[in-house]
Structures are given as C-alpha cells and as structure tokens.
Amino acid sequence: MKKASVFKELRSFLLLWGSQTVSELGTAMTDYALVVWIYGQKGTASSITLLTICSFLPTILFRFIAGTLADRWDKKRVMLLTDCAAACGTATVFVLYALSALRIWHIYVINVLLSFMNAFQVPASFVATSLLVPKEHYTRAGGLQGFSGAAVSILAPALGSVLLAFGGMKAVLICDMASFSVAVFVLLFFIRLPEAEHAREESREPFAQSCLSGIRYLRDHPAILRMALFLAVVNFLAKLGNDGMISPFILARTGNNQRVLGMVQSAVALGLLAGSLAAASMKPVRKKAKLVFVTCAIVFSGNIAQSLTLSPWIWCAAAFGSYLTAAVMNANWTTVMREHVPIGMQGRVFSAKDTLQNCTIPLGLLMGGLLADHVFEPFMKGTSPLQALLARVFGQGNGSGMAVMLFLVGILGMAVSLTRLRKPVYEELDG
C-alpha cells in the first residue's frame, strides 16, 4: 500500500521524468553520432573540442537571464518551446545530411542555438520538478534523475553505435526526433504544473534587478552561498583528480590499454547508477549538509586508493565507490536547494548557484593537464632525493607523476571536506 501511495504521489513527476529521459537518450545518441561524423570528416581532436565549447558556453553565458525568465514565464511553455527547438535542430541536421549538404560549421551553429535554449530548459525543469514532487520525496526524485542521467550515458554510445552500423546517421536522427515527440506529447497532454507561489508578484520587479536577485539571495543566505563555494572548490579539485585525469592516468599506467580504461569507465557508470538508486530508495536524511561533506570526503579517498596501486580491480572498486557516493551527495545537495529556496525564486537561485559552483571546472581541466604534463610527470622522470622517495610509493615510469597528483588531490579534498563538519554556519541547512 505504501509503495502504491508513493507512486500515486509521484505519478506526474514519473511521467515527466520518463518522457524526458527518452528525449535525453535520443539527444545523446545524436551527439555521439555527430562526434563520430565530425571526427571522420576532420580527424582532429580540436574539432570535437570546439563542438563541446559550442554546446557548453552559451548555456553559461545566458544562465542568469534564462533563470530569471524561467521564474517569470510558464514553466510548461518554456519546456515545450525548448523541446520543439531541439527537435527543429535535429530536423535541420537530418535535411542537410539527406541532401548531402551538411557541413561541420552547420553543426557548430546549431549547437550554439540549442545550448542557448538549454539555458532556459534546465532552470525550468528544476522548478517543474519542485512543483510536482512533495517535499518528502525530493531526495527520491533527485536519485531518479541521477539514475536516468547515468543510464543515458551508458546506453547512448551502445545504441548509437548499433544504429549507425545498421541504419546510418539517418536512423539515429529519426530516433532522436521520435524521442522529442514522446517528450512533447506527454508534457502537452499529461502534465499540469501548478503556479509557483509569489511568481506573479516577483515578476513585477525590474528585469535587471530580477537577474541579480539570485546572487542577492545567495549573499543573504550564507549557508547556501558557502556550500556553493565549497562545491566550487570540490569541482576544481575533482578535475585535477580522478574526475578529470582518470583517462590519461589509466592509459599512462597501463601502456595505453584501452580495455582497462573501459573497465574503469564502466565502474564509474555503474557507481552512478547504484548511487542514484540508493538515493531514490533511501529515507530522507535530516543532516543533509553533513552528508554532503562526508560523501565528498569518501569521493576524494578514491583518488588516494587509485594513486597507490597498479591493480585494475582496485581502480575499478575505487571508481565505483567514489561515484556511488557522489551520486548520493548530488541528490542530497539538490534536495537542500529545493527545501530552502522559495519555488518562485528557484530558477534564478539555481542558475546563480550552478554558475558559481561550476565556474571552476574549465580552470581545473586546464590546470590538470598542464600540471601533469609540465610539472609532475617530468619531476618523477628526474633524479632527486624527493623523487626517489616518492618512487618507492608511487612507482616510476609513465603515470607516476599523475599518481602523485591524485594522491595530493585526495588528501587536500578530504581535508577540505571534513573541516566543513565543524562549521556552525551550515547547521541551518540541516533543519
């Protein structure tokens, strides 16, 4: 009876979640197919990197404006508009490809436009979930969303490869357009979103002030602001560690063994799946802020474990455990935001928070590569008393410098995480 009651309470959310997951899977398959096509045309890593930038940068640049408009506008209409725009983008690629007129720059331009629309989709979807889900099920909803994200990341390359092999690019694009129709149909006919409280009153605020209100909210709520800043540090360190450097680390340590890298990446995906399922099924935790800090410390302990061994099985176990706890952490942090931020402001505050905590990711990726290539790897190939001492622990040869990096990041990340436990400012988030 209890399970039936939970299903009834989450019926609308589950319909929305399921249809959006189908759409995300179609989009991810198209992204995979386009990467394969672009690389086949150009044969350079920079062409793929530029595609990533086109898909990422506009979302960041327009996030503050988009969050404000998402709070003011009807969330359902915003989601319908962005889904339809994405479908039009896929249809355009299909037509150009069918006419043998598709060029790489077409894909770049389309991805810029879709990234701009995604800046509106993400905050609108966040608020829509808050409107549909009872407060006691916030963590469960976050776990399900994490589960679908991990499942899509696993299924998209596999299904995309099969479709490319047997049906070509056209088959992938047709499946993507069909997935959009599922999302639009369910959202249009089966989802009714209640109006956010205070949305009309706050829409009278001057637009420029409204764009900055998310930042003002963070400033006026130091616990949420400090948590976002803490996670900005965590994201920076993670990109210096196994989240950003795991592929070059594994390949360097194994002599470019792609099978071992595939094992570790599979362990990452399975950890995300297991962690998301755990978050979806666990009872609400009262000490959510403390759980965030403890799980972050566990995540960074995986860096230490991976740095001290050459065993692929330990690498896999550490990756599985790290990403399992990361999924639980993300679900609970999302719950904290939903519980403490008024629904009428969630679009703006979410956009401000997301920009703040993710702005360090590009810097971490850039510095990680530079430190590995120009500092740690050359140092471990040299001769000095410190190098000889470190070589006893981390070994010698390719990857030993990155092992030292992972170890230091793990120690620093654990220290930063555990010292937050004694800060009273976060106690209001546990209420």
Would you confirm whether or not segment 145-160 contains a residue that is over 28 Å from Leu272 (Cα atoms) and either in contact with a Phe, Trp or Tyr (Cβ under 6 Å, 6 or more places away or on another chain) or in the same structural domain as Ala183 (by TED's automatic domain parsing) (or both)? no
Does Phe185 count as part of a helix (DSSP H, G or I), over 19 Å from Asp71 (Cβ atoms), assigned by TED's automatic domain parsing to the domain that holds Gly40 and modelled with pLDDT of 85 or more? yes
Determine whether Val336 is β-branched (Val, Ile, Thr), in the same structural domain as Asp430 (by TED's automatic domain parsing), touching a Lys or Arg at 6+ places or on another chain (Cβ under 7 Å) and in a helix (DSSP H, G or I). yes
Within segment 92-107, how many residues are free of Cβ contacts under 8 Å to residues at least 24 places away in the same chain, over 19 Å from Ser47 (Cβ atoms) and not hydroxyl-bearing (Ser, Thr, Tyr)? 2
Those residues that are touching a Phe, Trp or Tyr at 6+ places or on another chain (Cβ under 8 Å) and touching a residue at least 60 places away in the same chain (Cβ under 8 Å), I need them from segment 306-321; list them, please. Gln306, Ser307, Leu308
Subset of segment 238-252 [surrounded by 24 or more Cβ atoms within 10 Å (Cβ to Cβ) and under 17 Å from Gly401 (Cβ atoms)]: Leu240, Gly241, Asn242, Met245, Phe249, Ile250
Can you give me the ranges of the helices (runs of 4 or more DSSP H) entirely in segment 1-115 with at least 2 residues that are out of contact with any Phe, Trp or Tyr (no Cβ under 6 Å at 6 or more places or on another chain) and at pLDDT 90 or above? 11-42, 75-98
Select, from Ala372, Ala391, Ala415, the only residue that is modelled with pLDDT of 90 or more, assigned to a helix (DSSP H, G or I), in contact with a helix residue (DSSP H, G or I) (Cβ under 8 Å, 6 or more places away or on another chain) and more than 30 Å from Leu212 (Cβ to Cβ). Ala391
Could you check Val404 against (1) more than 33 Å from the chain's Cα centre (by Cα); (2) under 16 Å from Thr309 (Cβ atoms); (3) assigned to a helix (DSSP H, G or I) and say which number it fails? (1)
Subset of segment 65-108, residues surrounded by 16 or more Cβ atoms within 10 Å (Cβ to Cβ) and over 26 Å from the mean Cα position of the chain (by Cα), comes to Thr92, Phe94, Tyr97, Leu102
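The values are calculated or read from the model by the stated rules, or taken from the named source; none is laboratory data. Keep in mind it's a predicted model, so treat the numbers as computed, not measured. Neighbour counts are summed over all protein chains in view; Cβ atoms, including those assigned to glycine, are modelled from backbone coordinates with ideal geometry.
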